[in-house]
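Below: one structure, written as structure tokens.
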Amino acid sequence: MNRRLACLAAGAAMVALSGCGDKSAGDKAAPAKTGTPSDASATASGPSVAMTPPHRKPGLWEQKVSMSGMDQTTRLCLDEAVEQKLSWWGQQATKDMCAKTRIAPRLDGAWEIASECDMGSGGKTVTNGVAVGDFATGYRMEATTVTTGAGAPQMNGEHKMVVQATWKGACPAGFKPGDMELPGGMKFNMIDMAGKTRSAG
């Protein structure tokens, strides 16, 4: 598998590496400007709307990632501890690299996410996205990231990504929490990757 496809597969946890930050999900901020799966754009602020972002159900998640004209399907094993560290919007994965992060619910039930991060040699990234779903059986996330100043020229520019994730049941034998499996059986651990990213920074 070539390097670009491997990076695409890792994009299933894109927000874990670029949509990161140290601000809480409940921070009050303007909604992200982005194309969305639905027409409603109002951000919920009433007390009847829960401000805590949903957590994915523990178990095995199959994720189809579409980005840069390519599609890739991966499998990711989650438990509650991994979800806290590598949540679907990536709040805690590399929070020391990100100056701004916000996530807010909308009146239509979707969640808007936005972040600004300095990835070192990977450049500065600005990400805006929207996620919809129940996060127990499945969800869909659409995100656009604009990268500038990356050492590799192909990393710069605007990149759009769609993640369609489906819960498949308990993690099978041979999987530990945090493991992501690429097509062909190649496997790596997202917790280990996040740790190496922080060390490199």
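One table, with the values for the structure above:
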item: Residue in segment 168-178 that is within 16 Å of the chain's Cα centre (by Cα), within 23 Å of residue 71 (Cβ to Cβ) and in a strand (DSSP E or B) present; result: no
item: Failed condition for residue 182, given (1) under 20 Å from residue 63 (Cβ atoms); (2) among the hydrophobic types (A, V, I, L, M, F, W, C); (3) out of contact with any helix residue (DSSP H, G or I) (no Cβ under 8 Å at 6 or more places or on another chain); result: (3)
item: Tally of residues being within 26 Å of residue 61 (Cβ to Cβ), modelled with pLDDT under 90 and in a strand (DSSP E or B) across segment 115-133; result: 2
item: Test: residue in segment 89-104 that is touching a strand residue (DSSP E or B) at 6+ places or on another chain (Cβ under 7 Å), crowded, with 19+ Cβ neighbours inside 10 Å, modelled with pLDDT of 90 or more and under 24 Å from residue 159 (Cα atoms); result: yes
item: Residues within segment 134-156 that are open to solvent by 70 Å² or more (accessible area, probe 1.4 Å), in a loop (DSSP other than H, G, I, E, B) and either over 21 Å from residue 57 (Cβ atoms) or of a type outside the set (Ser, Thr, Tyr) (or both), tallied; result: 1
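The values are calculated or read from the model by the stated rules, or taken from the named source; none is laboratory data. This is a predicted model, so every value here is computed, not measured. Using ideal geometry, Cβ is built from the backbone for each residue, glycine included, and neighbour counts are taken over all protein chains shown. Note: areas computed on protein heavy atoms with side chains; ligands, DNA, RNA excluded. Shrake-Rupley method; radii C 1.70, N 1.55, O 1.52, S 1.80 Å.
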